[in-house]
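Participant: Here it is: the structure, laid out below.
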Amino acid sequence: MNRDPKSEQEIEQKKNCGGSRSADRERAAWSRREFLANSTGFAVAGAISGLAGNHPLSAHEMMARGSATKSLVSNPTPGKPRRIIIDTDPGIDDAMAIFLALRSPELKVEAITPVCGNVPLDLTLPNALRLVEIAGRTDVPVAAGASHPLVRRLVTSGHVHGVNGLAGVEFPEPKIKPVHETAPEIIRRIVRENPGEITIVAVGPLTNVAMALRADPELASMIPAVTIMGGSLSGGNITPAAEFNLYVDPEAARIVFDANIPLTMVGLDVTRKCLVSEQHIKQLEAASNPVSQAAGKIMRATYERMRHGGEVTEIALHDALAVASLIDPGVITRKDYYVEVETSGEWTAGQTLGFDGHGPVRKSPPMETSAPEPQPSEVPFKPNAQVAVGVDPDRFFRLLIPRLTGNAA
Ligand code: RIB
Ligand code: CA
């Protein structure tokens with residue numbers, strides 16, 4: 001990587017990845033206006049670099065020509081496993097997603113990059129190390145990511161994922177250590193060493209991915225596809241408006257949606273329909289391999305907590321569906337949307353608004369009464385994402401459970 005290692009962003013990355021407290025001072029320097037100006041400038045730079053010269057076409061151009069659909073679904077390395085980096089905040093459903101990816105020959109996991117989210121980084125990092133050890137895949141490098149969102153206070157969801165992020169199930173301390181690179185650094189290195197081959201699979205807040213893209217604006221043009229678990233066009237889960245991953249870091253999500261990378265959004269619209277049954281849990285518990293046993297313990301602990309807490313025992317495997325959609329693309333159906341991420345709402349930050357070309361793209365009325373009336377966008381409809389709008393839950397579980405148990409479907 002021929003970049004000045006002392007660049008401002010790389011200094012920021014080092015400070016915000018791995019949990020050092022100096023990140024607070026570093027981040028405080030970013031006023032929101034300065035941040036958004038930077039990210040807007042970055043997004044334009046990314047778009048320009050994606051269009052200029054011999055760079056691949058931007059997502060907009062590919063989608064406009066109908067080829068983005070192909071690029072999103074087809075394997076960039078045909079005849080070989082799809083090469084992926086998993087960015088994650090393990091996390092109960094993250095654990096199922098990681099186990100599924102590590103036990104599926106259709107995928108080659110090049111790295112796992114933990115980020116703060118469900119629980120703080122000082123838990124998601126060791127949890128990721130534990131999961132690769134349980135899966136017997138310590139060949140996969142794990143690189144520590146962001147301990148804070150780009151500009152906001154971290155909000156976690158330990159009430160859902162347990163105080164340790166794995167439903168309170170106690171697994172041994174990991175023996176392996178993370179690599180020395182930060183998450184943004186390993187993402188940038190692997191993508192630059194393999195342009196056009198690495199799909200980013202982000203199943204947590206998008207802070208790591210945004211930091212990599214912002215530090216290296218040309219990176220976007222080298223990434224053939226991004227699949228995220230995140231967003232929702234049918235209401236949120238952490239607020240009525242926002243899905244958790246985008247709620248935690250809306251500014252990072254905006255950078256990723258604006259980066260002109262062919263993007264598949266696997267949101268709550270479909271993931272909330274993929275609910276684990278007690279029958280599934282019994283199948284996991286009945287199999288004797290370490291992955292199935294660990295998955296069974298995590299699922300059982302979650303199920304019993306909900307049952308004894310009087311909650312409806314609905315455990316949606318959000319992240320595992322995002323991974324499954326790369327193994328069996330037909331498990332979901334997709335529709336082109338232009339997705340805006342709300343970043344300034346007092347009650348709606350992180351909300352994803354989907355425009356499908358059949359209605360105006362219009363902002364809220366300005367506070368300055370003398371300002372002009374917001375007009376519908378004149379720009380012709382250009383989607384920036386394929387949103388999962390349909391799912392076959394039975395098909396999903398017919399893939400997931402045998403992969404984890406090792407038993408044929
Ligand atoms: O809203 C669901 C998402 O938030 C999943 O990725 C889950 O792990 C949590 O991070
Ligand atoms: Ca997650």
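Participant: Among ALA295, ALA322, ALA349, which is touching a residue at least 24 places away in the same chain (Cβ under 8 Å), within 16 Å of ligand 2 (Cβ to nearest atom) and within 22 Å of ILE255 (Cβ to Cβ)?
Facilitator: ALA322
Participant: Right, here's the next one. Restricting the search to the stretch 240-258, which residues are within 11 Å of ligand 1 (Cβ to nearest atom) and not charged (D, E, K, R)?
Facilitator: ALA242, PHE244, ASN245, LEU246, TYR247, VAL248
Participant: Within the stretch 95-116, can one find any residue that is within 13 Å of ligand 1 (Cβ to nearest atom), closer than 24 Å to GLU311 by Cβ and not hydrophobic (A, V, I, L, M, F, W, C)?
Facilitator: Checking the stretch 95-116: not a single residue is within 13 Å of ligand 1 (Cβ to nearest atom), closer than 24 Å to GLU311 by Cβ and not hydrophobic (A, V, I, L, M, F, W, C).
Participant: Hey, among the residues in the stretch 87-121 that are in a loop (DSSP other than H, G, I, E, B) and of a type in the set (Asp, Glu), which one's farthest from GLY165 (Cα to Cα)?
Facilitator: That would be GLU106.
Participant: Within the set of pairs 6+ apart or on separate chains, which have a first residue in the stretch 301-313 that is open to solvent by 90 Å² or more (accessible area, probe 1.4 Å), a second that is of a type outside the set (Lys, Arg), and C-beta atoms under 6 Å apart?
Facilitator: Sorted first by the residue in the stretch 301-313, then by its partner, the pairs are ARG307/THR313.
Participant: Residues of the stretch 131-187 being away from ligand 2 (no atom under 16 Å from the Cβ), farther than 21 Å from ALA111 by Cβ and of a type in the set (Val, Ile, Thr), which ones?
Facilitator: Those that are away from ligand 2 (no atom under 16 Å from the Cβ), farther than 21 Å from ALA111 by Cβ and of a type in the set (Val, Ile, Thr): VAL151, VAL163, VAL169.
Participant: Anything in the stretch 219-244 that is more than 12 Å from ILE200 (Cβ to Cβ), over 13 Å from the mean Cα position of the chain (by Cα) and open to solvent by 10 Å² or more (accessible area, probe 1.4 Å)? List them, or say none.
Facilitator: SER221, LEU233, SER234, GLY235, GLY236, ASN237, ILE238, THR239, PRO240, ALA241
Participant: Yes or no: the stretch 378-388 includes at least one residue that is in contact with a Ser or Thr (Cβ under 8 Å, 6 or more places away or on another chain), within 30 Å of LYS282 (Cα to Cα) and not hydroxyl-bearing (Ser, Thr, Tyr).
Facilitator: yes
Participant: For the stretch 222-239, what are the residues that are in a loop (DSSP other than H, G, I, E, B), β-branched (Val, Ile, Thr) and more than 14 Å from ligand 1 (Cβ to nearest atom)?
Facilitator: The answer is ILE223, and nothing else.
Participant: Collect the residues in the stretch 317-346 that are within 16 Å of ligand 1 (Cβ to nearest atom) and farther than 18 Å from ALA241 by Cβ, keeping them in residue-number order.
Facilitator: LEU317, ASP319, ALA320, LEU321, ALA322, VAL323, ALA324, SER325, LEU326, ILE332
Participant: Do we find a residue being assigned to a strand (DSSP E or B) and touching a strand residue (DSSP E or B) at 6+ places or on another chain (Cβ under 7 Å) anywhere in the stretch 201-209?
Facilitator: For the stretch 201-209, residues assigned to a strand (DSSP E or B) and touching a strand residue (DSSP E or B) at 6+ places or on another chain (Cβ under 7 Å): present.
Participant: Here is a further query. Inspect all residues belonging to the stretch 245-263 and state whether any of them is in a loop (DSSP other than H, G, I, E, B), within 14 Å of ligand 2 (Cβ to nearest atom) and open to solvent by 10 Å² or more (accessible area, probe 1.4 Å).
Facilitator: no
Participant: Ok, one more. Yes or no: the stretch 174-197 includes at least one residue that is within 16 Å of ligand 1 (Cβ to nearest atom), outside any helix (DSSP H, G or I) and at pLDDT 95 or above.
Facilitator: Taking every residue of the stretch 174-197 in turn, none turns out to be within 16 Å of ligand 1 (Cβ to nearest atom), outside any helix (DSSP H, G or I) and at pLDDT 95 or above.
Participant: Then there is this: Which pairs turn up if I take residues in the stretch 354-379 that are without any contact (Cβ under 8 Å) to a residue 24 or more places away in the chain and look for partners that are open to solvent by 100 Å² or more (accessible area, probe 1.4 Å) and assigned to a loop (DSSP other than H, G, I, E, B) with beta carbon separation below 7 Å, at least 6 apart in sequence or on another chain?
Facilitator: PRO374/ARG362; PRO374/LYS363; PRO374/PRO365; PRO376/ARG362
Participant: Also: Given the criterion open to solvent by 10 Å² or more (accessible area, probe 1.4 Å) and either polar (S, T, N, Q) or more than 16 Å from ligand 1 (Cβ to nearest atom) (or both), identify the matching residue among ALA167, ALA144.
Facilitator: ALA144
Participant: Condition first: open to solvent by 80 Å² or more (accessible area, probe 1.4 Å) and of a type in the set (Val, Ile, Thr). Can you find one or more residues in the stretch 385-393 that meet it?
Facilitator: Looking through the stretch 385-393, none of the residues is open to solvent by 80 Å² or more (accessible area, probe 1.4 Å) and of a type in the set (Val, Ile, Thr).
The values are calculated or read from the model by the stated rules, or taken from the named source; none is laboratory data. Small disclaimer: the values here were computed from a predicted structure and weren't measured. Note that each Cβ is placed from the backbone with ideal geometry, even for glycine, and that neighbours are counted across all protein chains shown. When the accessible area is computed, the model is the full protein with side chains, heavy atoms only, and any ligands, DNA or RNA have been set aside. Shrake-Rupley method; radii C 1.70, N 1.55, O 1.52, S 1.80 Å.
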